[in-house]
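The numbers here are math on the coordinates, done by the rules we state, and not lab data. Please read all numbers here as calculations on a predicted model, not as lab measurements. Because the Cβ atoms are built from the backbone with ideal geometry, glycine has one as well, and the counts that use them run over all protein chains shown.
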């Protein structure tokens, strides 16, 4: 009898401990391609996500004074097997509560389906843009602060049409991202009355692209659209085309926009243009300043990375729990209206509002507005290469 | 005029890159063929040896750059070739002393040596990544072009340009010089003759007093020269990326086998055959024919035999065809 009473007392004690939710250490996986095809972009995305984590952790207002740490995992951007293993480690060995990432569409899909969904862990990707991710079976666990490429195809077409381009040659990196984007560009551009002379894939990581360039050149076209990666085949195809005099103007989709490209290729790239997700909302400028103060650049997808981490943490606060199963239902609530608008650097304020039972509308660095299956509606920054630098034309 | 334009297209996209690529393959295949001829095994580590040599060249290039040495308008990396060859030779001789020699004394069958060379390939690959990392590096400096496409257009008035890169010219010239020197060495010098004797009949060569270890050493030294030059030229022409040398192994072996493995002349011919077939079979001839035939007959499609995705399949296909039809290759090498 005595032991039963003891048992009961112990149980009551335990439950009371659990329900008052003492401060804990929340872990957030930062699951990006720190090495591989887009490492030069991730160099800014990783610190951006970690900045949001630090901001929330140091606010003291998060889940009764809980702290947050980021745990890095490497997607490699292209190698699904490595990415799945890294996600497995984050979830089962590091016990992360949710994941910021992955970055490239193929590895993100693989990690989501093989690891995150079976383990019930929320993933918020800052940069996976494949249209296939809109319809993937995700049990409501997957969100992204980047728009789907289905939307990017429309933007590409608008920009090309405004500039009076009648025909394009199209090359894409042979994976989910490249294929999805090129399909979307082709469909949209042809529907708008443009002519696509050739759609040719290129493999990343090869030494020689002269055959690809030869085929593209033979098909011709006013502009070459390169739906590839900046550190990989995409750059090599552009260099090869310029060397051979095949094309003079290039359209650069999101994976190709970045300062290293004009620096590597030089003056010949001047006059080429493109667009990548970006916004002129007040948040973007604030974020750029914050990035500068913390020693990184507000490069492509860096704002989205910050927003991804912030969304997860705010959803945790709204749910009052760091559990993925609970926070997934709050992501839409914190991201969209109604509520007070939250810009970068105001995470502490947002946490306080949520704690007091108020509502927020997270705007963040990339003007987040979630639609459909949990993806950003999308704002794009149209750029043009001038004097070996990426310059803004306008936002759309 | 249209005829000239069509020819310019062919020259720009097929002939110029084909010549440069063919020279690179020929140099690689020569190395493979030498090892096969003299040491009697297929050296799968050859691609990585090329990469290793190129890596040394890059390390010395950085050293020279930091010292402010330059031989503009030629790329400085040419100067770095000499110390790089010495380093690569030392590395190869160490692998021979530590690994291959053991199996040679045991008179191991060629199949075992192939597996051994695969092991060396992986170790070398790891060392390279350890030292220089897997990144893509551009190693050219000095003048990039001998003739720019735009200059050619202005000069001739054609609407298709021909671009000739400095690296392509250097590649072809170096390959010719190296091949001539190699042939002179094999045909005219006493050491070269003893190598050929050893390759022809090992026992008879031993009876005539030829030192086998010396022959082996000389062979590896030649391989070091060929591999370093081939690897560096490939890196200079495209860009240096350690991963790509593994992919290069297939076309290199195809070149050696097509020409007749063990035959140096065959390696060169094989290199150009593989290079031109890869480019011609995957080239889209639309632009070429559009300019040659009257407008009404201009092709709608791309006139491309195979999509560029299948570039490497071309080497495979040629390899299979040659092995079926004439297993000894064009210049009557050995059968595999």
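Considering only B:292, B:19, B:113, the mean-square fluctuation computed in a Gaussian network model of chain B, springs between alpha carbons under 10 angstrom, is largest for B:292.
Could you work out the relative contact order of chain A, using alpha carbon pairs under 8 angstrom and six or more residues apart, expressed as a whole percent?
Numbers: 905 pairs, mean separation 68.4, N = 396.
Relative contact order here is 17 percent.
When the Cα atoms of the protein assembly as shown are aligned to their principal axes, the ranges along those axes come out at 99, 79, 52 Å in descending order.
Average 1/r across all pairs of distinct alpha carbons in the stretch B:228-296, invert it, and you get the Kirkwood radius: 14.2 Å.
Site pair residue B:203 and residue B:243 shows an inter-label distance of 5.0 nm when each label is modelled 7 Å from Cα along Cα→Cβ. Here, the stretch A:326-371 has an Rg and a Dmax of 9.8, 27 Å when only alpha carbons are counted. Placing dummy labels 7 Å off each Cα toward the beta-carbon, the span from residue B:72 to residue B:181 is 2.7 nm.
At a 10 Å Cβ-Cβ cut-off, how would you order A:144, A:381, fewest neighbours first? Show your work: numbers first, answer last.
Numbers: A:144 25, A:381 21.
The most exposed by this proxy come first: A:381, A:144.
How far is helix B:311-325 tilted, in degrees, relative to the longest principal axis of the Cα atoms in chain B, given as a value from 0 to 90 rounded to the nearest 10? Approximately 60 degrees, to the nearest 10. Computed over the stretch B:144-200, relative contact order equals 24 percent, with contacts defined as Cα pairs under 8 Å that lie 6+ residues apart. Mind telling me which of B:220, B:184, B:155 comes out most flexible in a GNM of chain B, alpha-carbon contacts under 10 Å? The residue with the greatest mean-square fluctuation here is B:155. Angle, helix A:2-19 long axis vs. longest principal axis of chain A, Cα atoms, 0 to 90°, nearest 10? Once rounded, the angle reads 40 degrees. Take the alpha-carbon centre of the stretch B:58-73, take the same for the stretch A:94-159, and report the distance between them in whole Å. The two parts, judged by their Cα centres, are 46 Å apart. Computed from the C-beta positions of residue A:355 and residue A:394, the FRET efficiency with R₀ = 30 Å rounds to 0.15.
Would you kindly give the portion of the calculated P(r) for the stretch A:79-229 that falls above 29 Å, as a percent of all Cα pairs? Write down the numbers at each step before the final one.
Details: 3226 of 11325 pairs.
When all Cα pairs of the stretch A:79-229 are counted, 28 percent exceed 29 Å.
Per residue, the protein assembly as shown reaches -17000 deg cm²/dmol at 222 nm when only DSSP H runs of four or more residues are counted, each adding -39500 (n - 2.57). Hey, quick one: spin label on residue A:195, modelled 7 Å out along Cα-Cβ, who in the stretch A:204-232 has an amide N within reach, i.e. under 20 Å? Once the point is set 7 Å along Cα→Cβ of residue A:195, A:214-226 turn out to lie under 20 Å by backbone N, inside the stretch A:204-232. I need the calculated FRET efficiency for the pair residue B:127 and residue A:136, taking r as the beta carbon distance and R₀ as 30 Å, to the nearest 0.05. About 0.15, to the nearest 0.05.
Two decimals is fine: what is log10 I(q)/I(0) at q = 0.06, 0.08, 0.15 Å⁻¹ for chain A, from a Debye sum with one equal scatterer on every Cα and no solvent? Rounded to two decimals, the profile gives -0.25, -0.42, -1.27. The separation of the stretch B:1-20 from the stretch A:167-195, counted between C-alpha centres, amounts to 29 Å.
Spin-label model, residue A:263 to residue B:250: label points 7 Å out along the Cα-to-beta-carbon direction sit 3.5 nm apart. Here B:111, A:171 are placed in order of increasing Cβ neighbour count within 10 Å, fewest first, which gives B:111, A:171.
Estimated from the Cβ-Cβ distance and a Förster radius of 56 angstrom, the FRET efficiency linking residue B:293 and residue B:138 is about 0.90. Of A:226, A:122, A:213, the residue with the greatest mean-square motion in the GNM of chain A, using alpha carbon springs below 10 Å, is A:213.
What do you get when you divide the Cα radius of gyration of the stretch A:355-396 by 2.2 N^0.38 Å, with N the number of residues? Could the numbers behind the result be given before it?
Numbers: Rg = 15.8 Å, N = 42, 2.2 N^0.38 = 9.1 Å.
The reported ratio for this selection is 1.74.
Shape analysis of the stretch A:203-259 based on the Cα gyration tensor places the equivalent ellipsoid semi-axes at 17, 14, 9 Å, largest first. By the count of neighbouring beta-carbon atoms within 10 Å, fewest first, B:288, B:56 end up ordered B:288, B:56. Averaging Cα coordinates gives a centre for the stretch B:175-207 and one for the stretch A:297-311; these two points are 63 Å apart.
Compute the semi-axes of the equivalent ellipsoid of the stretch A:145-283, taking the square root of 5 times each eigenvalue of the Cα gyration tensor, and list them largest first in whole Å. Don't jump to the answer; show the numbers that get you there.
Working: eigenvalues 88, 63, 44 Å².
Listed largest to smallest, the semi-axes of the stretch A:145-283 are 21, 18, 15 Å.
Mean partner shielding of peptide A:196-209, defined as the number of other chain Cβ atoms within 10 Å of each residue Cβ, is 5.
Computed over the Cα atoms of the stretch A:263-396, the ratio of the radius of gyration to the Kirkwood radius (Rg/Rh) comes to 1.06. Rg and Dmax of chain B, both derived from C-alpha coordinates alone, stand at 21.3, 73 Å. Relative to the longest principal Cα axis of chain B, at what angle does helix B:166-188 sit, 0 to 90 degrees, rounded to 10? Orientation of helix B:166-188: about 40 degrees from the principal axis. For the peptide B:12-23, the mean number of other protein chain Cβ atoms found within 10 angstrom of a residue's Cβ is 3.
Tell me the relative contact order for the stretch B:2-242 as a rounded percent, counting alpha carbon contacts under 8 Å between residues six or more apart. Walk me through the numbers before you get to the answer.
Details: 315 pairs, mean separation 89.3, N = 241.
Rounded, it is 37 percent for the stretch B:2-242.
Enter the mean number of other protein chain beta carbons within 10 Å of the beta carbon of each residue in B:236-246, as an integer. Intermediate values should be presented prior to the final figure.
Numbers: counts 0, 3, 8, 6, 1, 5, 0, 4, 4, 1, 0.
Average neighbour count from other chains, rounded to a whole number: 3.
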